[in-house]
Amino acid sequence: MSNKRIASLTLFLVLSVTFTAFAQDEKEDLGTEVVNIVKPYTPTISDAFKVKETPSINDSVTTKKRPVQYSIFSVPVASTFTPAKGKATTVERAKPIKLYDNYATLGFGNYTSILAELYSNFEISRTDNAGFFFRHNSSQNGIDDIRLQNKYYDTRLDGNYISRQRDATYGLDAGIQHQLYNWYGLSDFYSESLSDEMVNDIDPQQTYISGYVGGSIAFDESIFEKATANIRYLGDAFGSSEFNITATPEFSFPLTDFTLKIDGEVDYLSGSFDQNFFNATGIDYGYLNAGVIPSLVYLNEDLTLSLGVAAFVSLATEQSETEFFIYPRINASYRLVDELLIVYGGAQGDLEQNSYYDFKETNPFVSPTLFIAPTSNLYEGFVGLKGKLSNSVGYNVRAGYGKDENKALFIANPSIDDPTDISEPYQYGNSFRVVYDDMNTLEVFGELKVAVSEDFSLGVNGSFYSYDTTFQAQPWNLPEIEASVFSNFNISEQLYGGATVFFTGERMDLESLSGPFVDDTMEVTLDSYIDANIHLGYRVNDRLSIFAKGSNLLSDNYEKWLNYPVQGIQGILGATYKFDW
């Protein structure tokens, strides 16, 4: 229906209603009527019923679906297609390093030098291992302008046994060592005045024979953490003897935030010399030191703190004298910037028991007439910084100041004017004694290590010392500067090597021309020296390698001790062979 037609129809209806209304008004008057509403209208809402989402169907026409069964009628079809066999992609893996339980080394060099080593390890069971290590190093005469025998050799054999059980680890070790040295450092006075016949009558040889037996035990989960014990003997060609027994138990008690550690220390030393330097009067010495070191240890991600104290009692058995010592044991380190910057510091003290064995290890030319006494390290306060400048560069800088009582110093023995009064080969001003002094020491240390790659690393360190003596005129034979440079490198898979350079500053010693009652002495300055060393190796295969070593490459016959020049350029060529039994 169109819009015009709808409009016409509407107009017609309106006019009809209007006309009818007017017509009714004209014919009759309907009047008025009152309508009373008896009950108001109250609408109600019927209950609503929810339409089921899934209505049930009740229809007689609806039929049940029948299950449909499928079947395939297979007909074999001939095919000439053959699939290619799959092949896994290969991954290059590093060749595993073959580890051998044994190796043997043999080398020869100038000065008729011999270097020999043999190491072997035996697996007794899954938990037990045993092994031994043999080493020999020797050299014959050859130092320029030396009139006495100057050969030496050092031979030692060490063995060990380790048992790793479920809750504990046990270890036993033992060894024996034979060393030969010569007091070849004649003073200038005797070197110029003695005839060849008189020199030939001097037998300057000294031999040391030492041995030790020790053991250790460590527990995995126990307040008794571990303990070590050791017995060592030392004898020489002049009737000297020394026994040293040490034991160190360690306990640990975990607390809420701290760990209480209690360490013990027992050191018994007893020895004797057949005579003193000037006459046949013997020297006996003996000390029993016992100490306890309690400390509280705190650890977290950034802070490591140890607060402790060490208390010692020292009994001089020959003099029947007893002394008590208390030392600080404080250590702290704090990580300021991850591994980049770590600050550390503390204060340490200790009772150091000197021994004939330790003295001859430091200076093999000491006379067998020493006075042995302990050194009291009252304290050493230190502070430092360490960390990494990058992943390949590490550093360590430290400064410390300490005070020692009875600090042991090496000094040349006096020479005797009349050779006819000499009865021993160490009385020609060619041996050393020990003197003690109270000393303050300032030390500044720095170290830098660079690991460029797995094939090259370089390091350098140095120490500066300042000494303040109390009774002695000089800190005898102690340098003010020590430094070293070291490097390791791999040129190829087969060729490798390393180099070290040591620098030692000037030292002072005291040289005399007479006995102890004549004040005819003078201070002597020992020049500083540089000792450069290098070693190269070539791996022929995984078992055999060839090596070459060079020492004192600057050919400087420097004096490490007064009147004791060292050998010049030293070279050695050898081979190492690895094997299994």
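Please treat every number below as a calculation from the coordinates, not as lab data. Quick caveat: nothing in here was measured; it's all calculated off a predicted structure. Glycine also receives a Cβ, built like all others from the backbone with ideal geometry; neighbour counts cover every protein chain displayed.
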Query raised in the report: What is the distance, in nm, between label points placed 7 Å from the Cα along the Cα-to-Cβ direction at Asn490 and at Phe238?
Result: 5.0 nm
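Under Stokes-Einstein, with the Kirkwood radius over Cα pairs standing in for Rh, what whole-number D in µm²/s applies to the stretch 174-264 at 37 °C and 0.692 mPa s? Please report the intermediate quantities before stating the final value.
On the way: Rh = 17.7 Å.
Value of D from the Cα-based Kirkwood radius: 185 µm²/s.
So what's the projected area for the stretch 149-208, the Cα convex hull averaged over all directions, in nm²? Could you put the intermediate results ahead of the total?
Values: hull surface 23.3 nm².
Directional mean of the projected Cα hull area for the stretch 149-208 stands at 5.8 nm².
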Query raised in the report: Just the Cα atoms of the stretch 207-304, one point each, no solvent: what log10 I(q)/I(0) does Debye give at q = 0.11, 0.12, 0.13, 0.15 Å⁻¹?
Result: -0.53, -0.59, -0.65, -0.75
Query raised in the report: Given 25 °C and 0.890 mPa s, how large is the Stokes-Einstein diffusion coefficient of the stretch 394-511 in µm²/s, with Rh as the Kirkwood radius over Cα pairs?
Result: 139 µm²/s
Requested in this report: Assuming R0 = 51 Å, can you tell me the calculated FRET efficiency for the pair Val337 and Asp520, based on Cβ-Cβ distance, to the nearest 0.05?
Outcome: 0.25
Query raised in the report: For Leu157 and Ala247, what does the FRET efficiency come to when R0 = 30 Å and r is the distance between their Cβ atoms, rounded to the nearest 0.05?
Result: 0.80
Query - Cα centroid separation - the stretch 386-452 against the stretch 324-339, whole Å - result: 25 Å
Query raised in the report: Extension gain Thr112-Asn279, at 0.36 nm per residue separation less the Cα-Cα distance, in nm?
Result: 56.3 nm
Report summary line: Within the stretch 139-170, the residues whose backbone N lies under 18 Å from a label point placed 7 Å from the Cα of Met198 along the Cα-to-Cβ direction are 146-149
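Past 28 Å, Cα to Cα, is the threshold; run Lys360/Lys449; Lys226/Lys560; Lys549/Lys578; Lys261/Lys360; Lys151/Lys403 against it and keep the listed order.
Values: Lys360/Lys449 32 Å; Lys226/Lys560 40 Å; Lys549/Lys578 19 Å; Lys261/Lys360 34 Å; Lys151/Lys403 39 Å.
The answer is Lys360/Lys449; Lys226/Lys560; Lys261/Lys360; Lys151/Lys403.
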Requested in this report: Would you kindly state how much longer the chain becomes between Phe471 and Ile569 on full extension, computed as 0.36 nm times their sequence separation minus their alpha carbon distance, in nm to one decimal?
Outcome: 31.3 nm
Requested in this report: Name the shape class, rounded, prolate or oblate, that the alpha-carbon gyration tensor gives for the stretch 470-558, where a ≥ b ≥ c are the square roots of its eigenvalues, rounded holds for a/c under 1.5, and otherwise prolate holds if a/b is larger than b/c and oblate otherwise.
Outcome: prolate
Report task. Go from 0 up to the bin containing the longest alpha carbon distance in the stretch 342-399, width 5 Å each, and give me the % of pairs per bin. Result -> 4, 14, 15, 11, 11, 12, 12, 10, 6, 2, 1
Query - Förster radius 30 Å - calculated FRET efficiency between Ile262 and Asp438 (Cβ-Cβ, nearest 0.05) - result: 0.45
Query raised in the report: Label points 7 Å out from Cα along the Cβ direction at Glu480 and Asn141: separation in nm?
Result: 4.0 nm
Report summary line: Karplus-derived 3J(HN,Hα) from phi for the stretch 410-415 (6.51 cos²θ - 1.76 cosθ + 1.60, θ = phi - 60°), whole Hz, x at Gly and Pro, runs 8, 8, 5, 5, x, 9
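Multiply the residue gap between Thr317 and Glu405 by 0.36 nm, knock off their C-alpha separation, and tell me the result in nm, one decimal place. Can you show the working numbers first?
Details: separation 88, 0.36 × 88 = 31.68 nm, distance 1.99 nm.
So the chain would gain 29.7 nm between Thr317 and Glu405.
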**Report entry** Whether the stretch 304-385 is rounded, prolate or oblate, judged on the alpha carbon gyration tensor where a/c under 1.5 counts as rounded
**Finding:** oblate
Query raised in the report: Based on the alpha carbon coordinates of the stretch 104-177, what radius of gyration and maximum Cα-Cα distance (Dmax) apply, in Å?
Result: 18.4, 62
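Does the stretch 348-451 classify as rounded, prolate or oblate by the C-alpha gyration tensor (a ≥ b ≥ c root eigenvalues; a/c under 1.5 gives rounded; else a/b over b/c gives prolate, otherwise oblate)?
Numbers: a/c = 3.50, a/b = 2.20, b/c = 1.59.
Note, shape of the stretch 348-451 comes out prolate.
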